[in-house]
Every structure is written in C-alpha cells, then in structure tokens.
Amino acid sequence: MTDELVNGPQMPAPASLPAMDQGPFPDIEIYLKRPNLPALLAWLEAAIGPVEAITQGDTSTVTLGAGGPEPLTCIIVSNAVKGGYTSVWFKTNQTPWATDRDCALAAWAALQIEVRCSNGGWDGLDEQGWRRFTHDGETVVNWFV
C-alpha cells in the first residue's frame with residue numbers, strides 16, 4: 001500500500017478556504033463524480049484491505065478487511081446526487097482517514113476524478129459549503145444552489 005493511496009497528495013487547503021474540522025469524524029462520506037466501480041473497489045482494497053462487495057441495483061454493500069478482526073462496512077450508492085455523484089459512506093470511522101477531506105484527497109489522488117465532501121462535521125445543513133477536489137485544486141462550492 002503506497003502512502004498516497006491512504007494519505008492522498010500533499011494538497012494544502014488554500015488560505016481562502018474555511019478551516020476544516022480536525023476530526024476524527026465518527027463516520028466518513030465522500031462523493032465521486034461518475035466513478036468506475038471496479039477502480040473504486042481496487043482503491044479501497046489497496047487502502048484498507050480485502051474487499052467483499054454485494055451489489056443490488058445502484059447500491060453496493062462492501063465489507064473491507066474481510067476476514068479480519070473488525071471488518072468495516074462501506075455503502076456505495078451510484079447516482080446518489082444529481083450530476084452523477086456516487087456516495088461512498090463508511091458507517092464507522094475505522095478508516096485510515098480522520099476526516100472526509102483526508103479521504104477525499106486520497107480518493108482524488110488514486111482515481112483522478114472529481115471528489116466532493118462536506119466542509120465539516122455533518123449537521124444536515126450546507127452552511128459551510130462542500131469541498132471539491134479536481135485537477136484545478138481544492139475549492140469550496142455550494143452544492144444545493
């Protein structure tokens with residue numbers, strides 16, 4: 001497992017962006033724009049451990065670290081958000097990442113597709129905006145406008 005698969009690239013947040021909660025977050029959720037499911041699963045396996053996936057319709061329930069002492073459940077929902085965004089949700093944070101941003105950076109580095117995450121701990125509102133990672137860098141966007 002390479003360090004970049006887990007930690008992502010060294011992309012410091014621009015000073016103009018609001019500060020991110022430091023974590024650890026109780027769960028992790030990121031959104032990927034039109035990911036290739038086999039590539040996504042390969043990244044998860046490289047970053048966390050053996051993968052067992054069961055797919056029904058647009059939802060994949062993934063067990064990571066299968067066979068280990070504490071397997072981790074990840075739910076992947078294709079087209080969860082308008083625009084072709086797939087939700088990747090780790091029900092508990094037994095991941096190598098402390099925050100959604102950490103996970104998003106690692107996903108972007110591995111998959112080279114647009115990744116979004118909340119700008120802080122989830123409270124059901126979009127007041128803090130969403131972080132977007134692309135080849136142009138990291139920005140904050142208001143997804144719901």
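The values are calculated or read from the model by the stated rules, or taken from the named source; none is laboratory data. None of these values were measured; they are calculated from a predicted model. Positions of Cβ are backbone-derived with ideal geometry, glycine not excepted, and every protein chain shown enters the neighbour counts.
Name the single residue that is surrounded by the most Cβ atoms within 10 Å (Cβ to Cβ) among those in the stretch 70-118 being of a type in the set (S, T, N, Q) and more than 22 Å from Pro38 (Cβ to Cβ). Outline the logic, then answer.
Going through the stretch 70-118, the residues of a type in the set (S, T, N, Q) turn out to be 73, 78-79, 86-87, 92-95, 99, 112, 118.
If we keep only those that are more than 22 Å from Pro38 (Cβ to Cβ) as well, we get 92-94, 99, 118.
Working: Thr92: 12, Asn93: 18, Gln94: 15, Thr99: 21, Ser118: 24.
Once the filter is applied, the top-ranked residue is Ser118.
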For the stretch 76-107, enumerate the residues that are basic (Lys, Arg) and more than 8 Å from the chain's Cα centre (by Cα).
Lys82, Lys91
With the requirement that a residue be in a helix (DSSP H, G or I) and either at pLDDT below 95 or in contact with a helix residue (DSSP H, G or I) (Cβ under 7 Å, 6 or more places away or on another chain) (or both), what does the stretch 108-131 give you?
Ala109, Ala110, Leu111
Asp136: out of contact with any Phe, Trp or Tyr (no Cβ under 7 Å at 6 or more places or on another chain) and either modelled with pLDDT of 80 or more or within 13 Å of Leu32 (Cβ to Cβ) (or both), yes or no?
yes
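Considering only residues that are of a type in the set (Phe, Trp, Tyr) and at pLDDT 95 or above, look in the stretch 23-64 and name the one that is nearest to Val115 (Cα to Cα).
Taking the stretch 23-64 as the starting set, the residues that turn out to be of a type in the set (Phe, Trp, Tyr) are 25, 31, 43.
With the extra rule that they be at pLDDT 95 or above, the set shrinks to 31, 43.
Numbers: Tyr31: 6, Trp43: 14 Å.
Checked the stretch 23-64; the qualifying residue nearest to Val115 (Cα to Cα) is Tyr31.
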What residue, of Met20, Met1, is closer than 23 Å to Thr139 by Cβ, at pLDDT below 95, of a type outside the set (Phe, Trp, Tyr) and in contact with a helix residue (DSSP H, G or I) (Cβ under 8 Å, 6 or more places away or on another chain)?
Met20
Kindly list the number of the only condition in (1) at pLDDT below 90; (2) within 15 Å of Val115 (Cβ to Cβ) that fails for Gly67.
(2)
When you scan the stretch 52-64, how many residues do you find that are under 16 Å from Thr95 (Cβ atoms) and surrounded by 19 or more Cβ atoms within 10 Å (Cβ to Cβ)?
2
Among the residues of the stretch 33-46, is any in contact with a Gly (Cβ under 7 Å, 6 or more places away or on another chain) and without any contact (Cβ under 8 Å) to a residue 12 or more places away in the chain?
no
For the stretch 36-51: of the residues being crowded, with 16+ Cβ neighbours inside 10 Å and of a type in the set (A, V, I, L, M), which is farthest from the chain's Cα centre (by Cα)?
Val51
